[in-house]
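The values are calculated or read from the model by the stated rules, or taken from the named source; none is laboratory data. Please read these numbers as outputs of a predicted model, since none were measured by experiment. So basically every Cβ, Gly included, is an ideal-geometry build from the backbone, and we count neighbours across all protein chains shown.
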Amino acid sequence: MRAAFDPQTVRADFPTLQREVRPGVPLVYLDSTASSLKPRQVVERLADFYLHHYANIHRGIHTLAEEATAAYEEARQKVALFLGAHEAEEIIFVRNATEAINLVAHAWARAHLRRGDLIVLTQAEHHANIVPWHILAAERGVRLAFVPVDGEGRLDLDAFHRLLAQGPRLVALTHMSNVTGVVPPVADMVRAARQAGARVLLDGAQAAPHLPLHVAALEVDFYAVSAHKMLGPSGIGALYARREVLETMQPFLGGGGMIRRVTLEGFAPAEPPARFEAGTPPIAEAVGWAAAIDYLQTLGMERLHAYEQELGAYALARLAEVPGLRLLGPTTMESRGAVFAFWLDAAHPHDVAQVLDHYGVAVRAGHHCAQPLHRHFGVPASARAGLYFYNTRADIDRLVEALGHVVRMFA
Ligand code: PLP
């Protein structure tokens with residue numbers, strides 16, 4: 001068995017962690033839920049690729065074009081392996097998880113759903129998994145229903161099963177909430193949804209950086225991810241779609257790269273995944289993402305997850321000491337990730353974040369693109385500390401100490 005993970009072995013890979021936000025005030029980065037830091041290995045791979053191997057891909061027959069094409073397609077393989085897909089061709093590179101979900105709405109739903117068809121979502125969704133469906137509902141008359149959540153942000157599974165009985169065509173839900181950290185029982189939910197005849201989309205923007213994944217074993221139809229939350233560059237993400245479903249999807253963006261043939265009368269689309277990658281794709285970003293995946297896999301996702309769960313339990317215990325702090329989410333680490341959104345009676349979340357920044361602690365404040373969930377909790381916004389494997393107990397201590405200053409300052 002491998003030794004337990006020690007964050008001190010990796011912190012030197014993240015130069016940002018050695019920074020001070022002001023002289024004498026070292027940074028504590030607790031905003032990884034919004035975007036993770038990047039290790040040196042990813043940035044160096046990007047620099048090497050741009051400096052020595054970069055060219056446009058697929059259409060060239062010179063050495064550089066061939067090298068760049070091989071690196072881009074190798075990145076697709078790595079993403080497929082990381083997600084646990086059967087084949088690299090089931091991975092479509094997009095800009096981010098938001099675009100991945102919009103791609104499903106455009107390329108699958110517009111071809112398959114009719115007026116009156118039901119889409120089941122949840123109250124815990126990020127706007128990225130709500131707004132595309134509102135747009136579709138307005139345009140095509142599909143119906144949306146939302147699985148409610150309880151006081152801790154966990155899904156009401158009875159309500160979910162009642163909605164399945166109505167025969168939805170699509171169930172789309174987050175694999176880990178970016179507010180409560182809740183990880184729903186997706187294996188059971190996907191099975192039940194498929195038995196009810198629905199296609200299933202999981203929004204993996206938060207789960208992919210933290211959980212070992214196996215999308216093929218889960219039997220989901222679609223899985224959406226962003227590279228920037230899992231050590232990779234911004235500007236790239238992926239949609240996993242099962243091959244059998246991909247074959248039935250219509251092109252979304254038209255242009256170069258996505259065609260087999262074009263005439264003045266019309267065009268014939270290429271096979272997937274090229275069918276959905278019109279124009280010059282994020283080439284270097286894919287290569288950088290592959291380096292991020294190498295980095296994560298060398299450390300081991302199981303091991304990182306175990307460490308984050310332990311760190312999360314420490315954070316929960318320490319946050320419970322802060323007077324007037326209300327956590328938006330479960331108070332144990334069971335079936336949740338290490339992201340902690342909270343409301344402080346003493347001060348508005350924006351003031352909380354500003355004072356924490358004064359003490360070097362970077363957290364996010366706002367609705368975190370989850371306004372319906374905040375409405376459910378009866379607050380307009382929250383402050384959010386999102387942990388990753390490079391965080392330590394000392395970081396949590398600095399957070400709690402700084403929250404103590406906030407409480408005293410606004411008391
Ligand atoms: N879904 C969830 C659960 C998220 O947390 C986020 C980003 O915070 C997204 C989707 C959208 O990700 P992106 O902005 O990278 O498209």
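Residue 244 passes every criterion in (1) surrounded by 13 or more Cβ atoms within 10 Å (Cβ to Cβ); (2) out of contact with any Gly (no Cβ under 8 Å at 6 or more places or on another chain) apart from (1). Cβ-Cβ contacts under 6 Å between residues 6 or more apart (or on different chains), taken from a first residue in region 164-189 that is closer than 23 Å to residue 118 by Cβ to a second residue that is of a type in the set (Asp, Glu) and within 16 Å of the ligand (Cβ to nearest atom), are listed as 174/125; 174/203. The listed residues are 294, 345, and the only one of them that is more than 16 Å from the ligand (Cβ to nearest atom), closer than 23 Å to residue 83 by Cα and not aliphatic (A, V, I, L, M) turns out to be 294.
Residues checked against (1) closer than 29 Å to residue 218 by Cα; (2) free of Cβ contacts under 8 Å to residues at least 24 places away in the same chain; (3) surrounded by fewer than 18 Cβ atoms within 10 Å (Cβ to Cβ); (4) within 16 Å of the ligand (Cβ to nearest atom):
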residue: 41; (1), (2), (3), (4): no, no, yes, no
residue: 56; (1), (2), (3), (4): no, no, yes, no
residue: 65; (1), (2), (3), (4): no, yes, yes, no
residue: 78; (1), (2), (3), (4): yes, no, no, no
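With the structure loaded, tell me whether residue 51 is surrounded by 13 or more Cβ atoms within 10 Å (Cβ to Cβ) and of a type outside the set (Phe, Trp, Tyr) or whether it fails that test. Judged against the criteria, residue 51 is not a match.
Residues in region 224-236: is at least one in a strand (DSSP E or B), β-branched (Val, Ile, Thr) and under 19 Å from the mean Cα position of the chain (by Cα)?
yes
The condition of being in contact (Cβ under 8 Å) with a residue 12 or more places away in the chain and of a type in the set (Gly, Ala, Ser) holds for only one of 266, 237, that being 237.
Listed by position, the helices (runs of 4 or more DSSP H) contained in region 96-172 that have at least 2 residues being polar (S, T, N, Q) are 97-103.
Counted as qualifying within region 320-411 are the strands (runs of 3 or more DSSP E) with 2 or more residues that are under 26 Å from residue 185 (Cβ atoms), namely 325-327, 339-344, 382-386. Scanning region 57-85 for residues that are outside any helix (DSSP H, G or I) and out of contact with any Ser or Thr (no Cβ under 6 Å at 6 or more places or on another chain) yields 59, 60, 61, 62, 84, 85. Scanning region 123-136 for residues that are surrounded by fewer than 16 Cβ atoms within 10 Å (Cβ to Cβ) and within 15 Å of residue 108 (Cα to Cα) yields a count of 1. Can residue 261 be described as at pLDDT 95 or above and within 24 Å of the chain's Cα centre (by Cα)? No: the conditions fail for residue 261. If the condition is being surrounded by 21 or more Cβ atoms within 10 Å (Cβ to Cβ), within 18 Å of the chain's Cα centre (by Cα) and within 16 Å of the ligand (Cβ to nearest atom), then region 365-394 contributes 368, 370, 373, 384, 385, 386, 387, 388.
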